[in-house]
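Everything below concerns the one structure shown next.
The values are calculated or read from the model by the stated rules, or taken from the named source; none is laboratory data. Quick caveat: nothing in here was measured; it's all calculated off a predicted structure. Heads up, the Cβs are rebuilt from the backbone with ideal geometry, glycines too, and the neighbour counts pull from every protein chain shown.
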Amino acid sequence: MSTSTSPEVERLLDPAFLPLVGLLDDITFDEEFLVQARKAVPGSDSTDLVERAEQLIDPETGVSVRVHRAKRTSGERPCVLSMHGGGYILGSPTMDDEVFESWCPTLGLVGVSVDYRLAPEAPYPAPLEDCYLALSWVFNHAEEIGIDPDLVGIYGVSAGGGLAAALALLVRDGGEFPISFQILESPMLDDRQETPSSQLKGLPVWSRETNEFGWRSYLGPLYGSAELPIYAAPARATDLTRLPPTFISATGVDGFRDEDTDFGLRLQQAGVETEIHVVPGAPHGYHLIEDSYATQKLKRSRDEWLRWVLDRP
């Protein structure tokens, strides 16, 4: 174990995830690291199953979307708008290539990944505005890209899950677009870091110190404010009514565990159709260990839920 890992984390962590312990211990999150890390992002070209195309949607800011569609398909399809993870400071829409490589051919949907601007260069509300712009583009170009405007959902992992949750709140309050569902995987929702899980020492992959850096970068001068908008940190929302059906997942050795499960329970209490999954033993970034029980379990549960949402009357 890493010398920075607490006895509690050691006790909770599934041995399958030991390769992730200490993974970022020697990293200093600063401008130089961000420049280098942003160059190393996964992704792939179009494949035998899925074709991909980039579309600039705002020349002024340079915001674009990456559209994924199964080859040899036609007609109106459901659509999932995805916001990638990366703590609001890292990441690229190409990180969504893997999930759409699976979803587009098996579920017959169109995937749209938004290349939102990153903090600290573009703090809140810029990334959320970019996601809203992408959602607007999806609805305004529904016929052109072959999607069913009555079946558009949103999806996000980590910071992308936080942006998806914020987007759902923003759309609910604006009343402009009908979001059909949201999928939130280990979403980054609460800037306050007051929960027991957020205080765990030596968390693999995404420590409490790194989490604070991410939030400080994203919120800028708003960080620490008692009057922070709910669209900046969705966990601060007290009214969760009238939100779309939700799938939310969390893992047991993640600083986000408590804020995610609390958000899911409050959605249920607000009358929102919500399915919550919590898998023990896994840290943030569990998907890096592809063959682990947690990764396979959460992927399977997520995909089954999405199929059910798309297929029901």
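Within the stretch 63-106, take every residue that is of a type in the set (A, V, I, L, M) and in contact with a Gly (Cβ under 6 Å, 6 or more places away or on another chain) and give me the one that is nearest to VAL309 (Cα to Cα). Spell out how you get there, then give the answer.
Pass one, the stretch 63-106, residues of a type in the set (A, V, I, L, M): 63, 65, 67, 70, 80-81, 83, 89-90, 95, 99.
If we keep only those that are in contact with a Gly (Cβ under 6 Å, 6 or more places away or on another chain) as well, we get 80, 83, 89.
Numbers: VAL80: 12, MET83: 19, ILE89: 31 Å.
In this case the residue turns out to be VAL80.
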Open item on the list: I'd like the full set of residues that are touching a residue at least 60 places away in the same chain (Cβ under 8 Å) and surrounded by fewer than 19 Cβ atoms within 10 Å (Cβ to Cβ), limited to the stretch 81-102.
Closed with: SER102
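Please find, within the stretch 40-60, the residue that is farthest from the chain's Cα centre (by Cα) out of those that are hydrophobic (A, V, I, L, M, F, W, C) and modelled with pLDDT under 90. Walk me through how you get there before you give the answer.
Of the stretch 40-60, the ones hydrophobic (A, V, I, L, M, F, W, C) are 40-41, 49-50, 53, 56-57.
Subsequent filtering for residues that are modelled with pLDDT under 90 retains 40-41.
Values: ALA40: 19, VAL41: 16 Å.
Only one residue fits best here, namely ALA40.
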TODO: Could you please find all residues in the stretch 169-191 being surrounded by 24 or more Cβ atoms within 10 Å (Cβ to Cβ) and either among the small types (Gly, Ala, Ser) or without any contact (Cβ under 8 Å) to a residue 40 or more places away in the chain (or both)?
DONE: SER186
Open item on the list: Can you tell me which of (1) surrounded by 13 or more Cβ atoms within 10 Å (Cβ to Cβ); (2) at pLDDT below 90 is the one PRO105 doesn't meet?
Closed with: (2)
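Which one is farthest from GLY62 (Cα to Cα) among residues in the stretch 81-115 that are touching a Ser or Thr at 6+ places or on another chain (Cβ under 9 Å) and among the β-branched types (Val, Ile, Thr)?
First, pick out the residues of the stretch 81-115 that are touching a Ser or Thr at 6+ places or on another chain (Cβ under 9 Å): 81-89, 91-101, 104-105, 108, 110-115.
Then drop every residue that is not among the β-branched types (Val, Ile, Thr), which leaves 89, 94, 99, 110, 112, 114.
Working: ILE89: 17, THR94: 16, VAL99: 24, VAL110: 22, VAL112: 16, VAL114: 11 Å.
Per the stated criteria, the residue is VAL99.
Could you run through the stretch 285-310 and say how many residues are among the small types (Gly, Ala, Ser) and within 15 Å of LEU184 (Cα to Cα)? Lay out the reasoning, then the answer.
Start the filter on the stretch 285-310 by keeping residues that are among the small types (Gly, Ala, Ser), which leaves 285, 292, 294, 301.
Checking the rest, the ones that are also within 15 Å of LEU184 (Cα to Cα) come to 285, 301.
Total satisfying the criteria: 2.
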Open item on the list: Considering only the stretch 39-52, I want to know if a residue exists there that is in contact (Cβ under 8 Å) with a residue 12 or more places away in the chain, crowded, with 19+ Cβ neighbours inside 10 Å and either in contact with a strand residue (DSSP E or B) (Cβ under 6 Å, 6 or more places away or on another chain) or of a type outside the set (Lys, Arg) (or both).
Closed with: yes
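Scanning for something closer than 28 Å to SER207 by Cβ and more than 11 Å from the chain's Cα centre (by Cα), does the stretch 171-188 turn up at least one residue? Give the steps one after another, and end with the answer.
Let us first name the residues in the stretch 171-188 that are closer than 28 Å to SER207 by Cβ, namely 182-188.
After this cut, where a residue has to be more than 11 Å from the chain's Cα centre (by Cα) as well, the list is none.
No: the stretch 171-188 contains no residue that is closer than 28 Å to SER207 by Cβ and more than 11 Å from the chain's Cα centre (by Cα).
Of the residues VAL205, VAL278, which is at pLDDT below 95 and of a type in the set (Val, Ile, Thr)? Explain how you work it out, then say what you get.
On the way: VAL278 fails: at pLDDT below 95.
After applying the criteria, what remains is VAL205.
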Task: Matching option when the condition is at pLDDT 95 or above, more than 22 Å from ARG300 (Cβ to Cβ), in a strand (DSSP E or B) and touching a Leu at 6+ places or on another chain (Cβ under 8 Å), among LEU128, LEU81 - done: LEU81
Open item on the list: Being over 16 Å from the mean Cα position of the chain (by Cα) and assigned to a helix (DSSP H, G or I): is that true of LEU265 here?
Closed with: yes
Task: Number of the exception - ARG172 against (1) within 20 Å of ARG266 (Cβ to Cβ); (2) part of a loop (DSSP other than H, G, I, E, B); (3) among the basic types (Lys, Arg) - done: (2)
Task: Cβ-Cβ under 7 Å pairs, at least 6 apart or on other chains, the stretch 13-25 side under 12 Å from SER207 (Cβ atoms), far side small (Gly, Ala, Ser) and surrounded by fewer than 19 Cβ atoms within 10 Å (Cβ to Cβ) - done: VAL21/SER2; GLY22/SER2; ASP25/SER2; ASP25/SER4
Task: Matching residues, the stretch 120-149, being surrounded by 22 or more Cβ atoms within 10 Å (Cβ to Cβ) and of a type in the set (Asp, Glu) - done: ASP130
Task: Residues satisfying the stated conditions in the stretch 279-292, i.e. on the phi < 0 side of the Ramachandran plot and crowded, with 17+ Cβ neighbours inside 10 Å - done: VAL279, ALA282, PRO283, HIS284, TYR286, HIS287, ILE289, SER292
Open item on the list: Quick test of your reading of the structure: ARG72 fulfils all but one of (1) out of contact with any Phe, Trp or Tyr (no Cβ under 9 Å at 6 or more places or on another chain); (2) in a loop (DSSP other than H, G, I, E, B); (3) under 27 Å from LEU219 (Cβ atoms); (4) not small (Gly, Ala, Ser). Name the failing condition by number.
Closed with: (3)
